[in-house]
Amino acid sequence: MSCPTFLISAPASGQGKTSITAAIARSAVRRGLRVRVFKTGPDYLDPMVLSRACGHPVYQLDLFMGGEAHCRARLEDARQQADLVLVEGVMGLFDGAPSSADLAARFGLPVLVVLDASGMAQTFAAVATGLARFRGDVHVAGVVANRVGSAGHARMVAEGLPPDLPLVAALQRQEALSLPERHLGLVQALELPDIDARLDAWADAWEAGEALGRGLASVAAVAAPGSQETARHVPASAEDPSPAPAAQHVRPLQGLRIAVAQDACFSFIYPANLDCLRQLGAEVLSFSPLAGEPMPDCDGLWLPGGYPELHAPALRDHPSFFASLRQHLTADRPLLAECGGMLVLLDHLTDADGVAHPMAALMPGSARLQPRLAALGLQAVEWPEGALRGHSFHYSAMETPLTPVAVASNPNGGRTAEPLYQQGSLRASYLHHYFPSNPDAIAAFFNASSRSTAHASA
């Protein structure tokens, strides 16, 4: 395992993990290196930016949603294909269960800690040292000072760092390097026409920042991936999901066509989910409702999450989309609708400005965008076909007369517990499912005959 591999983390959100990870990736790509990037935990928006930076799909490494074996296989496959592997952490290094630190400990990933140095001097070293010494099974290989005011400020924050905790780089504060945000996080990369110019500017800043520190190459030389790997126990919430051997040897969706709505409105898609459908034998057909593309002739349909509240008028301008959805359900073909995809099926959706937009009226109820977060957290749910894992993150609140067929639970005891609704061949929830957590259940749902059997016994 000679491929340098680093987990990029921080003491908290907002320190610049995504921009630093993207900057390192783009800089390496410009030098002709093969780079693969992962994101820790559930996230759709950061991976869009990171994917553009490295030129490849960005997969999740999540010990709860995918399990250790799944994550290990993903990581090893990337190391075989790349010259550099980066894993962006989630929240603070030790936050959550499982945390970024748990992932680093389990796979022996050296950690680069990103610290917002604005407003700090020698205290920078104290914070960095505290993070590095907090857990003996986590190896912090170096520190990145973000948003320093000058070269002199960079030298000042490096004072007091112990020899085994070098300053890798110091990036000067540049407001122009920030990305715009909206209520769910970063604006999608596909909506930023200048995204490549921004990424090149980040790479320029990283390369200039390395000149003020030791540089990544010097740290990589002494931080061998896997050298810290232990058999440390992972919290119960992170234990592997039930194994799904059928996904490895049988192709139960062979010959079936699964359509996936995919554009700026329907964009919250794990690449691993598409891979899972293909590995199960399905032909995956993507189409853009926003562009007015007709829904492909298909055996099953997946409406992923996204931003229907921002694109409601455009959806209404293409009424054939709603009509196609109705025809699909009338034909008793399976439709999985997640979060924003579910909201599109309601009678009405009220946006943040209080404007009520008529939707497809295929699922009774309505939803309204709220100024405050409505739900957030990892989720586990019992489908009629088996248990699945995923997460929830939304600002809207929904009312429906439907009775849930199941209610998800948070492995860490959080309040978020998303209902799962079933109406004919429609299955809908705010929950974003991670298909590799149980490919057999996904196959059974999208396979019409298996689905009918499951419903009869439920």
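Some notes on this structure:
- Within-12-Å neighbourhood charge of Ala312 [Cβ basis; K, R +1; D, E -1]: -3
- Its Cα gyration tensor gives the range 336-394 an equivalent ellipsoid; the semi-axes, largest first and in whole Å, are 24, 16, 6.
- Folded to 0 to 90 degrees: helix 319-330 orientation relative to the chain principal axis, Cα: 70
- Residue-wise HN-Hα coupling along the range 431-438, computed from phi with Karplus coefficients 6.51, -1.76, 1.60 (Hz; x: Gly, Pro): 5, 8, 7, 9, 4, x, 5, 6
- For the range 265-338, a Kirkwood radius taken over Cα pairs fed into Stokes-Einstein (4 °C, viscosity 1.567 mPa s) yields D = 98 µm²/s.
- Estimated FRET transfer efficiency when R0 is 30 angstrom, pair Asp317-Asp204 (beta carbons, to 0.05): 0.15
- Sorted into 5 angstrom bins from 0, the C-alpha pair distances of the range 91-176 split as 3, 15, 26, 22, 16, 11, 6, 1 percent.
- Normalised by the number of residues in the range 315-381, the mean separation of alpha-carbon contacts (under 8 Å, six or more apart) gives a relative contact order of 25 percent.
- Altogether, the Stokes-Einstein calculation at 20 °C and 1.002 mPa s, with the Kirkwood radius of the range 1-109 over Cα pairs as Rh, returns a diffusion coefficient of 158 µm²/s.
- Residues with amide H under 5 Å from that of Leu256, placed H, sequence gap 5 or more: Glu283
- Sites Ala417 and Ala221, calculated FRET efficiency, Cβ-Cβ separation with R0 35 Å, nearest 0.05: 0.15
- Cα centroid of the range 90-130 to Cα centroid of the range 320-337, whole Å: 46
- Taking θ as phi - 60° and the Karplus parameters 6.51, -1.76 and 1.60, the scalar couplings of the range 254-265 work out to 4, x, 9, 10, 10, 8, 10, 5, 8, 6, 5, 8 Hz in sequence order, x denoting glycine and proline.
- For the range 23-170, alpha-carbon Rg and Dmax in angstrom: 15.8, 46
- Note on Gln370 and Gln80: the model spin-label points, each 7 Å out from Cα along the C-beta direction, lie 4.6 nm apart.
- If you take the alpha carbon atoms of the chain and fit the smallest convex hull around them, that volume is 142 Å³ per residue.
- The ratio of the alpha-carbon radius of gyration of the range 246-457 to the globular-protein estimate 2.2 N^0.38 Å is 0.95.
- Within the range 246-457, percent of DSSP bridges classed antiparallel, to nearest 5: 60
- Loop-located chymotrypsin sites (Phe, Trp or Tyr not before Pro) in the range 92-163 (DSSP state other than H, G, I, E, B) with a sparse environment of at most 13 neighbouring Cβ atoms within 10 Å: Phe134.
No value in this document is a laboratory result; all are computed from the given coordinates. Not measured: the values here are computed from a predicted model. Ideal geometry is used to build each Cβ from the backbone, glycine not excepted, and the neighbour counts take in all protein chains shown.
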